[in-house]
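To start, the structure itself, in structure tokens.
Values in this text are rule-based calculations from the coordinates and carry no lab data. Predicted, not measured: the structure shown is a model, and the values here were computed from it. Quick reminder, even Gly has a Cβ in these numbers, built from the backbone with ideal geometry, and neighbours come from all protein chains shown.
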Amino acid sequence: MEEVQNQVLEEEAKGSTTTMEKVYIAVGNDLQEGFKTIDWALKKWNNIPISIVLLHLCNISQDFVYTPFGKLPASSVSEEKLQVLRKYEDQKINKLLSKYVTFCKKLQVKAELHKVEKEDDSIQVLILDLISKLRITKLVMGITFMRSSSSWKSKSAISGSFHIYQNKPDFCEFYIICGGKMVLLKRENDVNNNNIISWIGKMFHDPGRNLDRSSNSNDDPTASGSPWDKNLQEMEIYFQQLLSLNLEEDDEDNVQEEEEDENGDDGEDVLQHMNVEEKLEYVRRKVNEAKLMIDENMRQVKVNSERSDKAEWALSLCNCRIEELEDRIKEETERREKLQETLDSDRECIEQAKNDVEKGKAKLGSLGELREELASKVKTMSDAKLQAEAELERVALEKREMVMEIEKLRNQRDVFNRRIEFCKEKGVLEQEEEEEAKCGYREYVAEDIRLATEGYSDRLRLKSGGNWTNLYRGRIKHTTMAVKVIGDRLSDEDFAAKVRLLNEVRHPNLVAIAGYCSEKPKCILFEYMHSGNLRDNLFTSQRKTRRSKILKWHDRIRIAHQVCSGLGFLHSVKPKPIVHGRLTPSKILLDRNLVAKITGFGLAMHQTDTKPDVMAFGVLVLHLLTGRNWPGLLKAMSMNQASILRDLDQTAGKWPLELAKEFGALAVRCASVNRGGNVDYSTKEIMEELGKIVEKADEFRTKGGYEEAATSSNTDEADRNEIPSVFICPILQEVMKNPHVAADGFSYELEAIEEWLSMGHDTSPMTNLRLDYQVLTPNHTLRALIQDWHSKRAAQASS
């Protein structure tokens, strides 16, 4: 008997408590066939935890040795060479087994190895003994396992496998695998087949024949008409009959020979004890039996002749089949040649691609040189920029002078407006008033309003302090407007009166009416204020939108002056003043340039006392000073005016203390107009004091003693007059952080222009012309200039 050596390769930790069932897999020297056998076993028991035990047959013979030239007698080589050859054979087997173990490790399966050493006994007897000794319950055997020994060929391997199947214990499940598929086996007492020859015939059939026929019939319609395919079933039946017939005839011949021998021996004994008549009778009987035997032999000759014809027919079909297979081999060879040509072509393409890559690398090198050249040009442009900045400073001074001149012109315009109002009372300019009213605003239909607001979409609805309002942002004829929905709150007469009032009362610091719609829902259109209301920009808790900006101290003083100017104009209207009645930071709107305009006036038409507006203006100034919005603010400031300086809003920059005291004192006097002796404190007097404070603020800024330090978070803190105009976004009116060029050639902040396009606009924000495309290109040069400008301003502020 063979000796069984057990080599265990632990693939899991020894401490594992999971019970796994062992599946024994017998593999041979054919590595691919072994992989298919292992893969079949894993798919068979993929739903239960198993471990694999690999069986491999090792031939041990003292008389022979295996060499690369074949099997040789051990006596024909020296002892030293004999050891080298056997060591080589062991290394070859170990290398083969290591590949099996690696394959199992990739599949994450525990694997063990059992080397089965064969000496004298047959393989099937060895396997049966191994099943009983190891109590193997599941055995999967590859067909090449039985061929591991050189003496075992295909038929011997098949018959040996069937012998194991016939004589295995009942507790063992036995499977034969060929080409990754299971071979069906049946015992002698099975219903469908009781002959080992039929099992052998099935083994020799082509397992992929039916698949070949089906695939060929799809590819070639004439394939189904070949003689082999037409007579395939008949050939199979004939083959089975032939095999079974040979074995049965051999058995019958053996039985007949034994009977004849026995009868011959018995006949000689009987003749010795017979008389003459009995002998004649015996001879007659033998002659008759001989005649019957001759007839039977004649019949057998005829049957053999028919069998011979059948065999010749089968041979002719086999020859046809051989020719068909040769044609297929030829076609396969041609197909492989074409594939080789395609492969060669692909290789040429790959070589061409490699050449293109090399050319690309060369171009990349040239681009690097171009980059260096551009860097030098950028440096030259930076020098030119410094000169341009000096020119910009000169222009900024001229701009300040122009601003002062514009303010004077605005005051003159206010005087003219008052004169116009006086003339209206006399009825001199009634006709001109109607024409001006018609030109100043226009009436729109409901469909125009619906299209402008996209059907009153929430996306265009405006918020104040995080709450929804009845205002919508709309665009009519390339102009952005604010649409206020009145609805049914006013009758037609009151609505018409309100529209006339808003058109008649016009001032630079009052939000101007742009149109109206008398159809339901009733709407009034105002000029759009891009920077939102003062509350959202002033109070830190309300700075939630991108439009919110940090207001510097000089901007706050200017806003107070502008609000007082608009409020004074309302109070100067004849025959009776217009009282706002609800003057709060949310009623003060800011445009792109942070110019303040009052909205929400005209509701308190029957009130003539202007003191509430003066008080509200004082509270507004306190808000501008402290940046706070809490109920006890007025009382705290009135009791202790020194707290004003303590609670100044630090986000506004460095306040001039004397200016802040004057500004705070003015706020307290306005807020206390109903107490003490300030009963006649009018907006005209407030304007005079604010004018002085504004002049002082301009002097402080001109002297440069209170310039703000530039910060990277919000560039609006810098003096807008000192910012190059090319750095400012046309939409946000802020210094750009990530400038991009649109199709109109202008540079915009990326977020602003993307929001503009996402709102459905296909025109330029600057020219109102249709954009040819909506692709945005980064302006790296402008971005570098802006960053350089920030760095220089920070350096100047630190020095």
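Determine the dipole magnitude for segment 274-388: charges of +1 sit on the beta-carbon of Lys and Arg, -1 on that of Asp and Glu, nothing else is charged, the reference point is the Cα centre, and the result goes in debye to the nearest 20.
Charge dipole, segment 274-388, about its Cα centre: 400 debye, nearest 20.
Once backbone amide H atoms are built at 1.01 Å from N, ALA111 has GLU11, ILE52 as its partners under 5 Å, excluding neighbours fewer than 5 places away on the same chain.
Here the label points at LYS279 and GLU754, each 7 Å from Cα along the C-beta direction, are separated by 12.9 nm in the simple model.
Can you give me the relative contact order of segment 715-798 as a percent, contacts being Cα pairs under 8 Å and 6 or more apart?
Working: 88 pairs, mean separation 23.2, N = 84.
Once normalised by length, the contact order is 28 percent.
On full extension, the segment bounded by LYS286 and ASN738 gains 150.3 nm, given 0.36 nm per residue less the C-alpha separation. Annotation: peptides 689-700, 296-307, 34-45, ranked by per-residue average of other Cβ atoms within 10 Å with the highest first, follow the order 34-45, 689-700, 296-307. Using R0 = 25 Å, the C-beta based FRET efficiency linking LYS81 and GLU117 works out to 0.70.
Using a Förster distance of 60 angstrom, determine the FRET efficiency expected from the C-beta separation of VAL357 and GLU296, and round it to 0.05.
0.10
Would you mind calculating the gained length between ARG489 and TYR88 on full extension (0.36 nm times residue separation, minus the Cα-Cα distance), in nm to one decimal? Don't jump to the answer; show the numbers that get you there.
On the way: separation 401, 0.36 × 401 = 144.36 nm, distance 10.53 nm.
Full extension from ARG489 to TYR88 adds 133.8 nm.
Relative contact order, whole percent, for segment 470-616 stands at 22, derived from Cα pairs under 8 Å and 6 or more residues apart. Structural size metrics of segment 444-528, computed from C-alpha coordinates, are Rg and Dmax of 12.6, 33 Å.
Spin-label model, LYS377 to THR777: label points 7 Å out along the Cα-to-beta-carbon direction sit 1.3 nm apart.
If I stretch the segment between LEU134 and LEU96 completely, what's the gain in nm (0.36 nm per residue apart, minus their alpha carbon distance), one decimal?
Details: separation 38, 0.36 × 38 = 13.68 nm, distance 2.40 nm.
Result for the pair: 11.3 nm of gain on full extension.
Kindly state, to the nearest 0.05, the FRET efficiency for VAL573 paired with SER457, given R0 = 45 Å and r defined as their beta-carbon distance. Walk me through the numbers on the way to the answer.
Working: r = 37 Å, r/R0 = 0.83.
Plugging the Cβ-Cβ distance into 1/(1 + (r/R0)^6) gives 0.75.
Summarising the label geometry, the points placed 7 Å from Cα in the beta-carbon direction at THR479 and LYS792 lie 4.0 nm from one another.
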